[in-house]
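Participant: The following block contains the structure, expressed as structure tokens.
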Amino acid sequence: MTETCPHDGLFAAATPELVRCPYPVYEHLRGEHPVQWIPALTAYAVTRHADILDVLLRPEDFSSRKQSGPGAATSLAVAAAEDPQYSDRVRAAAVRRIGIAEKGAALVNCDPPRHGEQRKMMNKVFTPRRVALLEPPIRELAEGLVDAFVARGEADVVAELATPLPMTVIARALGIEGTDIPTLKRWSDAFVRANGRPNLSVEEISALILSLDECYDFFEARMSERLADPREDLVTDVAQADLCHEERLQMLTLFLIGGNETTNSLIASCIWMLCRRPELQDELRADPELIPPFVEETLRVEPPVQGLFRQAMRDTTVGGVPIRAGDFLWLVYGSANRDEAQFPTPDEIRLDRGAEGRRHLSFAQGPHFCLGAPLARAEARIALETLLARTRNLALAPDEDAGQWAPNLVQHNLTRLNVVFDPVSV
Ligand code: HEM
């Protein structure tokens, strides 16, 4: 292990300031300690684009089994299962979670060769062609959501647009659209709450583990229904795929989480960015073709997933630093995306970066490249097209400090964004 980074205290405290704007810390690490042991994370932070790409393209050396890191939900379940502080119900749910996690790696936390087999089974679910078919209903949904608040001239766009849009879209794709959206959100949040942040209370951990349990019960019941009565939806695809029961449960929860937490963040960050750069609003309204490069730049500079973990399976090196078998690496996508060696003037939003701009690692790269990227891009584009067409002069509400970032070093998302605007009738 190398010397302790002077910024370790920041990681340890996960202060709101760091969560809101971690980029100066990344810049420091990239410049001086590009592969740096962070005791508070019990992992090496890997911060240069080239080093992260190197790790992503070596899945045989670096396992994704614990891609949410040493503090994630399964580790909490392992601790809770044996701890008498927790109720019998929580401990039983923890044991169930451990069993599912052990037997049921699904895509994102699955290694070769099984990962390749699963990817072949699921590759078809969000192809550009399938996403094109989903566009009209996404637009209708976005219009309905924006129309519901636009006359007020103000809104919390996280609660009223960025959260319900992707959650409803993924619920429809799964075939569970009748389910209460706040319940789905609570389950989805439970899976990611512990990521990179192991300091939760007994009550918080209990609630989190019980939510996972409810979510598994729910998907088990839906799969039984679909086996008896198949439909054109993801629950049917997964129930019929050549997967074991645990893999099916993990796959469905992965779609639920992947389909909403991140896209929610992207849409909110795009709106936040437009409020801070009013000149961009007019540019995008005048030429909506610029919306996709704008979404790409927001993905690059405010990535919904700041970083994910890998675990070394053998002794090796990264960026010249020796890594031992068993060591965790935190691949800081948020840092790679501002690496000046890859992106000139990296802190600037530039709509003319072209192919270079798409080299960001917000969807990762290599075998685990995000399966839902075409869907996420389409949802963000449609949300912005709809909002920009129905408003002028979007701005942060006078009392909004935009400091409401979720306290999580992996997920980077606003939990609230109050904006004001002039309504436009269309
Ligand atoms: C802005 C939105 C999104 C972002 C930033 C994002 C980010 C990511 C990242 C970084 C990975 C790679 C994980 C790793 O490195 O270990 C990933 C994988 C994945 N994402 Fe997304 N995602 C988004 C939207 C979606 C959507 C809408 C879905 C649809 C359900 C989805 C489903 C998946 C799946 C299934 C994987 C696993 C792929 C594999 O490991 O083979 N994502 N995503």
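The values are calculated or read from the model by the stated rules, or taken from the named source; none is laboratory data. In this text, all values refer to a predicted model and were calculated from it rather than measured experimentally. A quick note on method: Cβ atoms are made from the backbone with ideal geometry, for glycine too, and the neighbour counts reach across all protein chains shown. Just the protein is used for accessible areas: all its heavy atoms, side chains included, with ligands, DNA and RNA removed. Shrake-Rupley method; radii C 1.70, N 1.55, O 1.52, S 1.80 Å.
Participant: Any idea how far the Cα center of segment 72-140 sits from the one of segment 284-309, in Å?
Facilitator: 26 Å
Participant: With the contact rule set at Cα under 8 Å and sequence spacing of 6 or more, what percent relative contact order holds for segment 46-204?
Facilitator: The value is 31 percent.
Participant: If you restrict to DSSP beta bridges whose two residues both lie in the chain, what percentage is antiparallel, to the nearest 5?
Facilitator: 90 percent
Participant: Here is a follow-up. For the chain, calculate the relative contact order in percent as a whole number, restricting contacts to Cα pairs under 8 Å that are 6 or more residues apart.
Facilitator: Relative contact order for the chain comes out at 26 percent.
Participant: What is the gain in length, in nm to one decimal, between E82 and E60 on full extension, counting 0.36 nm per residue of separation less the C-alpha to C-alpha distance?
Facilitator: Length difference between fully extended and current span is 4.7 nm.
Participant: Write down the accessible area per residue of segment 53-423 in Å², having rolled a 1.4 Å probe over the full set of protein chains.
Facilitator: 39 Å²
Participant: So which trypsin sites (Lys or Arg not before Pro) in segment 130-204 pass both tests, a DSSP loop state and at most 14 other Cβ atoms within 10 Å of the Cβ?
Facilitator: R152
Participant: Which distance in Å, rounded to a whole number, links the C-alpha centroids of segment 322-375 and segment 397-426?
Facilitator: About 24 Å separates the Cα centre of segment 322-375 from the one of segment 397-426.
Participant: Let me ask another. Give me the percent relative contact order of segment 256-373, please, defined on Cα pairs under 8 angstrom at least 6 residues apart.
Facilitator: Contact order relative to length: 25 percent.
Participant: Could you pull out every one of the lysines with an alpha carbon less than 18 Å from that of K66, ignoring same-chain neighbours closer than 8 positions?
Facilitator: Correct list for K66: K103.
Participant: What nm value, rounded to one decimal, do you get for the distance between C21 and N393 when each label is placed 7 Å out toward the C-beta?
Facilitator: Result for the modelled spin labels: 2.7 nm.
Participant: So how much slack lies between M313 and A286, counting 0.36 nm per residue of separation and subtracting their Cα-Cα distance, in nm?
Facilitator: Length difference between fully extended and current span is 4.6 nm.
Participant: Consider a paramagnetic label point 7 Å from the Cα of R277 along Cα→Cβ; state which residues of segment 321-360 have an amide N under 12 Å from it.
Facilitator: From segment 321-360, the list is 346-353.
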